[in-house]
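Scroll down for the structure; my scribbles are underneath it.
Laboratory data are not the source of any read-out in this text; all were calculated from the coordinates shown. None of these values were measured; they are calculated from a predicted model. Glycine gets a Cβ as well: all are built from the backbone with ideal geometry, and neighbour counts include every protein chain shown.
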Amino acid sequence: MTIHRLDLQPGEGIPNNPSLPVLVAPGAVSGPPERICALMEANGWTGTWVWTVFDYHHFHPDAHEALVCASGTARLMLGGPGGPSLDLHPGDALLLPAGTGHKRLSQSPDFRICGAYPPGQSDYTTLREGQGGPDIAAQIAAVPLPDTDPLTGPDGPLCRLWHAPS
């Protein structure tokens with residue numbers, strides 16, 4: 001599995017996560033949404049869903065998020081206004097650390113994405129650009145690292161990269 005990392009600094013109205021990178025794994029998994037969600041659940045991730053990505057900048061200060069494109073294509077912007085954009089194709093996986101801004105810029109009519117969260121993080125908060133107070137960075141830093149990789153389970157490459165010393 002090829003994994004790319006995106007290090008995002010705090011942006012205008014979006015805190016991002018200065019300690020953990022966004023991880024991108026192109027073509028990491030294939031199959032229908034039900035299979036992708038079942039895979040993430042089998043690896044201990046919870047709160048699975050199938051839908052799209054909001055078309056406005058938002059972030060979760062209290063949860064890490066795994067996203068896997070199940071069908072169609074989409075272009076996302078990460079990190080807030082002016083952040084990098086990323087084209088998603090079926091099988092592409094993202095691991096977003098808590099605080100990471102994300103927004104859908106465009107999508108094909110058949111775009112479907114699967115999402116999941118580490119145990120204890122599926123009752124997450126969604127904040128829009130500019131929301132969050134002076135303690136938001138501390139809240140993001142306090143979110144526990146996941147114990148398992150959402151796609152490959154214990155000791156998988158995605159979460160191992162977060163646990164490795166920088």
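Sort Val29, Val50 so the one with the fewest other Cβ atoms within 10 Å of its own Cβ comes first. Could you put the intermediate results ahead of the total?
On the way: Val29 21, Val50 16.
By the 10 Å Cβ count, ascending: Val50, Val29.
Mind checking the full-extension length gain between Thr2 and Glu34? Use 0.36 nm per residue of separation minus the Cα-Cα distance, one decimal, nm.
Values: separation 32, 0.36 × 32 = 11.52 nm, distance 2.35 nm.
Difference between extended and current length: 9.2 nm.
Grab the Cα-Cα distance for Trp49 and Ser19, subtract it from 0.36 nm times how many residues apart they are, and report the gain in nm with one decimal. Spell out each step's value before the answer.
Working: separation 30, 0.36 × 30 = 10.80 nm, distance 2.67 nm.
Full extension from Trp49 to Ser19 adds 8.1 nm.
Give me the percent relative contact order of the stretch 55-95, please, defined on Cα pairs under 8 angstrom at least 6 residues apart. Can you show the working numbers first?
Working: 51 pairs, mean separation 18.0, N = 41.
This gives 44 percent for the stretch 55-95.
If you average 1/r across every pair of different Cα atoms in the stretch 4-147 and take the reciprocal, what Kirkwood value do you get, in Å?
Details: mean 1/r = 0.0669 Å⁻¹.
Roughly 14.9 Å, rounded to one decimal.
Go ahead and set up a Gaussian network model of the chain, Cα springs under 10 Å, then flag whichever of Asp110, Asp92, Asp62 fluctuates most.
Most flexible of the set in this elastic network: Asp110.
Within the chain, what's the longest run with no chymotrypsin sites (Phe, Trp or Tyr not before Pro) in a DSSP loop and at most 13 other beta-carbon atoms within 10 Å? Give the range, please.
57-166
Which whole-number percent is the relative contact order of the stretch 4-147 (Cα, under 8 Å, 6+ apart)? Before the final figure, lay out the partial values.
On the way: 368 pairs, mean separation 47.8, N = 144.
With pairs under 8 Å counted, the relative contact order is 33 percent.
Within a 10 angstrom radius of the beta carbon, how do Ile14, Ile113, Ile3 rank from fewest other beta carbons to most? Intermediate values should be presented prior to the final figure.
Working: Ile14 27, Ile113 24, Ile3 16.
Taking fewest neighbouring Cβ atoms as first place, the list is Ile3, Ile113, Ile14.
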